[in-house]
Amino acid sequence: LRADSWQSPGSFVTAAVSSPPTTGCERLSFKPTITVQPEATTADSPAGLAVDLKVPQDGLETPEGLTAANLKKAVITLPAGVSVNPSAADGLQACSPAQIGLENSAEPSCPDASKVGAVEIHTPLLADPLEGSVYLAQQNSNPFGSLLAIYVTAEADGALLKLAGHITADPSTGQLTATFDNNPQLPFSELKLNFFGGPRAALATPESCGTFTTSSDLMPWSAPESGLDATPFDSFTIGSGCVGGFAPSFAAGTSNNQAGGFSPLSVTFSRSDQDQGLGAVTVKTPPGLLGVLKSVPLCGEPQASQGTCGQESLIGHTTVGAGAGSDPFYLGGQVFLTGPYKGAPFGLSIVVPAIAGPFNLGNVVVRAAIAVDPSTAALTVTSDPLPTILQGIPLKLRTVNVSIDRPGFIFNPTDCEPLSVGGTVTSTQGAQAQVSSRFQAANCATLAFHPVFSASSLAKTSRQGGAALDVKVAYPSGTQANIHSVAVTLPKQLPARLSTIQQACPEAVFNANPASCGEGSMIGVGTAVTPILKNPLVGPAYLVSHGGAAFPDIDIVLQGEGITLDLVGHVNISKAGITSASFFAVPDAPIGSFDLNLPEGPHSALSAVGSLCAGALAMPTTITGQNGAVINQSTPIKISGCPKAKKKAKKHRKAKKRHKKGKKARKGSARGGK
C-alpha cells in the first residue's frame, strides 16, 4: 500500500502485509475429460473439428464444497494425419496484435476473415456461458513469434476473456499440437471449441482409413500438490474415401497447332482426393515440338537452385492447386530455362512463391532436367520430387500446370501424323502411372519444301588416298517442312572403298563410346547449322557394323551445346558395285544448312574409277519432307581441279581459224595461177 495525506500531498508512506500460503491444494479434484471429433469421416477431406473439454465442478453444489482445480496449461495433440488444409487460405486473413489487444480490456477488432471457429465456455461464476470466436493470429508477430497461433475470445455478462494458443506443426508429418499456458484461474465445467467446416475448412482429415486418437496433457494450478497431470484422450474413425489408388489425369498440347508455327505449350496433371499424392513427373514431347534455345540466356548456378533467375531466362509460368476438397488454393509461379542439370544439357527452375492468404512461406523451387533424344531430338523433361510439406503444412498438391508461353519460343512439328505427349507420373508412395495426351499438328500440306541439295568432289584421286565427296543441304529462309529422309545413289565412278568398310566399328563398341572406335572407321565430319542453337552441331561420321548386316551404316555423331544427335544412314552396294545411302529418320528439326564432308585419305569412304573429269557426274537423290512432300532430282557433282575446258576450246578455235585462213590463202593462190 502507498498513501499520502492531504497535509503532505506527494509524501507517500508504504506498508506491506503477506497473506498466508494457500493450503489444501491436494484436496482439490481434477478429473477432466476430452472429446475431439471431426465433422466428416471421409479420408483426406476438409472437415470441421469439435473439441469438448469438461472439468466436473461437483463440489460447488453445496456451500461446503470445493471447486475443482483450475486449468493452468493444456497441451492437445491431434492425431497424425489431421493437418492444416491449404484450401483454407483462399480469402483467409489474420488478426494482428493490435487488433486482438491481449493486454487491454477492449473488444477485439479482428477481421471476420480471420475467424476460424467458435467458442463456448460454461462457468459456475456466471449465469450465461461465455461465447465468442477463434481467430487466426498473424504469422511471426503473435506472442510466440511462430508461424501458427490462434486467439480465443469469449464474453458474457460484461466479462471478456482473451487467450492466445500456440500451434506447432511437425515439420516432417504435419501433426498439430496446441498449447494454452498460464490460463486464468477461472473455474469452468465445459469448454467447447468448434473449428469451422466446409470446402475451405482450416483442417483436413487423415489420408488413410482407421482409428485415430487425440491425446492431451492437462496441468492444474494446484499441481504439484494435487498430483500428476491429467491425460485424457479420445478417438475417431475414418471409414470411407481411403487413399489407395493412383490414376492421375493428364492433358498437354499447344494452343495453336499450325505445323511449324509458334505456340504456347501447356502441360497439366492432376489427382483426386482419393489418389496418392503427386510425387514427380516425367514428360516426353513428340518429335518436332521444340524451342528456340538461342533466344533465351540460360540461368546458371547457384541462381537456378536458389530460385533467383533473372527475367531474361523466363520461358513460362506455372499454376499449382493445393489442399484437400473440391476447392483447392491456387498459387502462381514462373518457369526459367537453365544450363545443364543432372547430366542433361538443359534444365528448368520452377519457382512458386508460397504466399497463401496471410502466410508467406518463402519460395518453393523445383528443378527439372531436359534431355534430348539422340535419334529424334524429342525432349524428355524429368522433375525432381515435388514438395509434399512446407514448414509443417502438408501441401496436398492436387493439380500442377506448366505453360511454356514465352513468345517466339516453342514451335510445332512439321509432321501432321497423330502423335502424343506422354510421360510418367509417380506418387508419393512410389506408384507410377503412364500418361498420354493426343497431339497433332495441322496444315502440313501448306508448308513449302524447297531444300537445296548439292555435291562436290576433287579431281585429284589416288589408289592410296581414294576420293573425296562433300554433300551440302541448305534451306531458304522462312517456315518450311523439315526433312524426314534422304536417299542418294552415287555414280559408278565413286564406289565405296572396301578396305575402309572392313575397318567399320563394331556396334557394341560404338554404343559404349563412339570415341573408342578405331581410326579407320572414321570417314568424315558432319556439320549442322540450326536456327534453334547459337552454335553449329559438329561431329565425326563413323562406319558401324551391325552383326549380320551385309554392309555397315554411316553414323554421324553431331554434338554442340551439350546436345548429341545421331544421324544413321543405311549403306547398300549393288552387285554392279553401285553404292547408295539412305537416311530414313532425320529429326523433325529446322536446319539452315548441313554439310557432310567425306575427305580423301588412307581411310576415305570412297575410291574412284577412272578420271572424275572424263564426263559429267550426277547423283540420283530423293528428299522426303516431314509433311510427305517428295523431291526427286539428279544432283550434279561438281568436280574441282579438272583442266579448264575453256582454254582447250580457245586453242581449238584459234587452230581452226588458222586452218581456215590457210585454206583460203591456198585457194586464192590457185586462182591466180589459173
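Values as computed for the structure displayed
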| quantity | calculated |
| --- | --- |
| Tally of residues being among the small types (Gly, Ala, Ser), assigned to a loop (DSSP other than H, G, I, E, B) and either without any contact (Cβ under 8 Å) to a residue 24 or more places away in the chain or open to solvent by less than 40 Å² (accessible area, probe 1.4 Å) (or both) across the range 615-630 | 3 |
| Some residue of the range 175-185 being open to solvent by less than 60 Å² (accessible area, probe 1.4 Å), touching a residue at least 60 places away in the same chain (Cβ under 8 Å), within 24 Å of Pro97 (Cβ to Cβ) and among the hydroxyl-bearing types (Ser, Thr, Tyr) | yes |
| Qualifying residue in the range 602-610 (condition: touching a residue at least 24 places away in the same chain (Cβ under 8 Å) and in a strand (DSSP E or B)) | yes |
| Candidates Phe180, Phe236, filtered to the one that is touching a Leu at 6+ places or on another chain (Cβ under 8 Å) and closer than 28 Å to Phe30 by Cα | Phe180 |
| Scope the range 1-56; condition in contact (Cβ under 8 Å) with a residue 24 or more places away in the chain and of a type in the set (Val, Ile, Thr); matching residues | Thr33, Ile34, Thr35, Val36, Thr41, Thr42, Val51, Val55 |
| Residue match in the range 134-155 (condition: closer than 21 Å to Pro206 by Cβ, modelled with pLDDT of 95 or more and either in a loop (DSSP other than H, G, I, E, B) or within 34 Å of the chain's Cα centre (by Cα) (or both)) | yes |
| Subset of the range 549-587 [touching a helix residue (DSSP H, G or I) at 6+ places or on another chain (Cβ under 9 Å), in a loop (DSSP other than H, G, I, E, B) and either of a type in the set (Phe, Trp, Tyr) or surrounded by 21 or more Cβ atoms within 10 Å (Cβ to Cβ) (or both)] | Phe551, Pro552 |
| Residue among Ser105, Ser45 that is among the small types (Gly, Ala, Ser), modelled with pLDDT under 95 and under 20 Å from Gln185 (Cα atoms) | Ser105 |
| Of all residues making up the range 449-496, the number that are open to solvent by 30 Å² or more (accessible area, probe 1.4 Å) and either at pLDDT 95 or above or on the phi < 0 side of the Ramachandran plot (or both) | 21 |
| Entirely in the range 406-501, the strands (runs of 3 or more DSSP E) that have 1 or more residues that are among the aromatic types (Phe, Trp, Tyr), farther than 30 Å from Pro387 by Cβ and in contact with a strand residue (DSSP E or B) (Cβ under 6 Å, 6 or more places away or on another chain) | 452-458 |
| Subset of the range 57-73 that is under 20 Å from Ile121 (Cα atoms) and open to solvent by less than 60 Å² (accessible area, probe 1.4 Å) - its residue that is modelled with the lowest pLDDT | Gly59 |
| In the range 192-213, residue most open to solvent (accessible area, probe 1.4 Å) [restricted to those that are assigned to a strand (DSSP E or B) and closer than 26 Å to Gly145 by Cβ] | Phe195 |
| Residue satisfying all of: in the range 110-132; part of a strand (DSSP E or B) and aliphatic (A, V, I, L, M); most open to solvent (accessible area, probe 1.4 Å) among these | Ala118 |
| In the range 401-438, the residues that are in contact with a His (Cβ under 9 Å, 6 or more places away or on another chain) and more than 17 Å from Phe262 (Cβ to Cβ) | Asn401, Val402 |
| Qualifying residues in the range 74-97 (those that are open to solvent by less than 30 Å² (accessible area, probe 1.4 Å) and among the hydroxyl-bearing types (Ser, Thr, Tyr)) - the one farthest from Ala43 (Cα to Cα) | Ser96 |
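The values are calculated or read from the model by the stated rules, or taken from the named source; none is laboratory data. Fair warning: this is a prediction, and the values are worked out from it, not measured in the lab. Cβ sites come from the backbone with ideal geometry, for glycine too, and all protein chains shown count toward neighbours. For the accessible areas, the whole protein counts, side chains as well, though only heavy atoms, and no ligand, DNA or RNA atoms are used. Shrake-Rupley method; radii C 1.70, N 1.55, O 1.52, S 1.80 Å.
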